[in-house]
Structure formats: structure tokens, C-alpha cells
Amino acid sequence: MAQEERDQVVAEITCHEVAQWASAYLEEHVGDERKRQIAVHLAMCAGCETYVKQIATVRDMIRQLSQVEDVPSNMGRLRQAFVDRLNRP
Amino acid sequence: MNVDASPLTKSARYRNSADRTAVSCQLPTEGKSDNVLLARLRQGDEGAFAELVTHHHSALIRMAMGHVANREVAEEVVQETWMAVITGLDRFEGRSSLRTWIFGILIHKAKDRGVREKRHVTFSSFEGASDEVGDPSRFHQSGKWVGHWALPPQPWDDQTPEKILASQQAVNAINRAIESLPGTLKNVLILRDVEGVEAKEACEILKITETNLYVRLHRARERVRQAVEVYLAGQQPAL
Ligand SMILES: [Zn+2]
């Protein structure tokens, strides 16, 4: 592709816009035309490709980090309240 | 009485890299399984209740923290939420999922408590904040390449989520970034990326549009991305 043509395609949507749409794009919450613009832009713009990849990495890390199980300090009281529920008149 | 308290014998912890292969229990909380769980709860199945609490507690605490002053108050709000769940079980009509209902109660209580603590000023001022993702100076402000990267992000190379999370320092940086998010962004991040709630259900819980959801989700992820970027830059050997 000629440089000029290439510039035009990349300019169809700015990097700033691609960055702002990154999460919606990753979650497939963009219209067909916008999706095409972003896909074409990503194919030619290393900066945006890197950015979108990083957002996906962040999403995956948060998911992995969240594998936390936490128990309330007053679980005993909660269980008691739960048991008492059935014993109410 | 169900005496199996196994989920409760585990203490709360962030799993470290050594045992991250273990996946947390996937509690069926949606659709038909919701009915099964609800039936067990209504019958007074303590094990079912303990599982429910264990499964959602940490997300509820983190969400509450986005609205109130400290962990202590957040614990109180979550405690009140569970009490409301217990007393409301018989009245719950199942028009939403159990999870939507529980998180809805939490958000209502946390916001209410936050307003009473007069923290709402912070949030309303945030609502008016600009739409900028990250640092606008990273993009050309004028000229032919306006809106295009002036300072493109540096690739994280072969940094997979697993490799980054193997560092406790990175884990801490990410957790700090999440903790410091304003409530409106934190709610979305916790529901979508932590709890894995579908977009539609998350919108229902938060009473926002899907477009709004993605805007907030992205701002939240961007803040975490910046924290990781800073962490990784600090890991680079000095040139
Ligand atoms: Zn770009």
C-alpha cells in the first residue's frame, strides 16, 4: 500500500479514539463500521496495537487476581442470623 | 443441620503465584441454578449460605470501599447487606438474578452511607471530569497527526499476565490502583472484570447505559494499565 493511502486509512480514526474505544472493542460492543475502522487501524498502527493488547492483559490480570476468597470476620453472627430466620414465628 | 463448613476453614488471602493454578469455586448463581440455590437458601441450608457469602464477600467489600471512608465502615455495610439478604429471602421474587439483587442492595446501602459521610461531593465532582483516557499529552495536539500517538505505549514484550503477577510488587501496584479508583469506576471494574458479570446485568445493577458502562470500564482499566506501566518501567535496568 502506498504511504499516502496508508496514512489515509490510519487517519480514518485517530489513535486517541482507538484508545478510548479499546475496551468496548475488546468486548465486542462496537458497531460494524467502527469495528472495521478499528481493525484496519490496529493492523497498521503499532502504538494502538500495543495499547489494546495491554488493556487486554490488564483485564486478564484483574480476573486472575480476583480469585480471592474472603470470609467476613463476623461469619458466625451471619450464620446465626441465617439459622434464626427459619425459627422466627 | 448441614455441618459442612469447609469453605470457611480457608482464610482470606490473595493467591500467590504458587497456587494460582487453583481456580475459585464457580458458584452457580445465574439462571436455573439460581432457583436451586434459592430453594436451598429458603430451606435454611447453611452450607449454601456460607458458599454464597464466601463467593461474593470480597467483591462486596471492595465495592463498598468505593463509597465509604474505610474498611471498617465497608465491613458494616456488607454486614447490613447480608442481613438484608437473609431477611429478604422470602420476599425475593426472582425478577432479577440473585447476584443482581445482592449487589443492588449493597450499592444502595454503600451510597446511602457514603452520602451520610458527606463523601458524595467527591463523586459528583468526578462525574464532571473529562473524558480523557490517560494522559492527553501522549497524543499529538495539533498538525497532520492530531489525535495520533506522540508517545506511544512501550510494548510489554513477553510479559504475560502470569509473568507480571508472579511479582508481589506488581500485584500490590495493581491492587493499589484498583483500591484508589473512584466509586463509579470501581463498581464497574469489580462487576465486569472481577466478578465476571455480563454487561447487561452490570448495567441493571448500576442503573446505567451500556455505553456508559464501557466508558467507565475503560477508564478504570486504563488507570490499572498505567500502574502496570509504571511498575514495569521501574523494572527496566538503567541504560
Ligand atoms: Zn493508532
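Table for the structure above
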item	result
Residues of the range B:186-224 that turn out to be free of Cβ contacts under 8 Å to residues at least 24 places away in the same chain and more than 18 Å from B:A59 (Cα to Cα), as a count	8
Subset of the range B:182-220 [closer than 18 Å to A:Q20 by Cα and aliphatic (A, V, I, L, M)]	B:L185, B:V188, B:L189, B:A199, B:L213, B:V215, B:L217, B:A220
Any hit, the range A:74-86, residues being within 7 Å of another protein chain (Cβ to nearest Cβ), at pLDDT below 90, within 30 Å of B:R219 (Cα to Cα) and not in a helix (DSSP H, G or I)	no
Qualifying positions in the range B:25-78 - at pLDDT 90 or above and of a type in the set (D, E)	B:D45, B:E46, B:E51, B:E72, B:E75, B:E76
Conditions (1) charged (D, E, K, R); (2) more than 20 Å from B:C203 (Cα to Cα); (3) buried (at least 18 other Cβ atoms within 10 Å of the Cβ); number of the one not met by B:R71	(3)
Unique match (being within 10 Å of another protein chain (Cβ to nearest Cβ), more than 16 Å from the ligand (Cβ to nearest atom) and closer than 19 Å to B:I174 by Cα) among A:I55, A:I62	A:I62
The listed residue being within 11 Å of another protein chain (Cβ to nearest Cβ), closer than 17 Å to B:H56 by Cα and crowded, with 18+ Cβ neighbours inside 10 Å, out of B:L165, B:L189	B:L189
Residue in the range B:163-179 that is farther than 23 Å from B:A69 by Cα and outside any helix (DSSP H, G or I) present	yes
Residues satisfying the stated conditions in the range A:27-45, i.e. facing chain B (nearest Cβ under 9 Å) and open to solvent by 30 Å² or more (accessible area, probe 1.4 Å)	A:E27, A:H29
Some residue of the range A:12-29 being over 17 Å from B:L217 (Cα atoms) and either away from the ligand (no atom under 12 Å from the Cβ) or within 15 Å of the chain's Cα centre (by Cα) (or both)	no
Number of positions in the range B:86-107 that are of a type in the set (A, V, I, L, M, F, W, C) and either assigned to a loop (DSSP other than H, G, I, E, B) or over 20 Å from the mean Cα position of the chain (by Cα) (or both)	3
Close pairs (7 angstrom Cβ cut-off, 6 or more residues apart or separate chains): at the interface with chain A (Cβ under 7 Å from one of its Cβ atoms) and surrounded by 15 or more Cβ atoms within 10 Å (Cβ to Cβ) in the range B:139-158, in a loop (DSSP other than H, G, I, E, B) and of a type in the set (G, A, S) anywhere	B:F139/B:G147; B:F139/B:A150
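The values are calculated or read from the model by the stated rules, or taken from the named source; none is laboratory data. Just so we're clear, the structure is a prediction, and the values are computed from it rather than from any experiment. Note that each Cβ is placed from the backbone with ideal geometry, even for glycine, and that neighbours are counted across all protein chains shown. Surface accessibility is based on the protein's heavy atoms, side chains included, excluding ligands, DNA and RNA. Shrake-Rupley method; radii C 1.70, N 1.55, O 1.52, S 1.80 Å.
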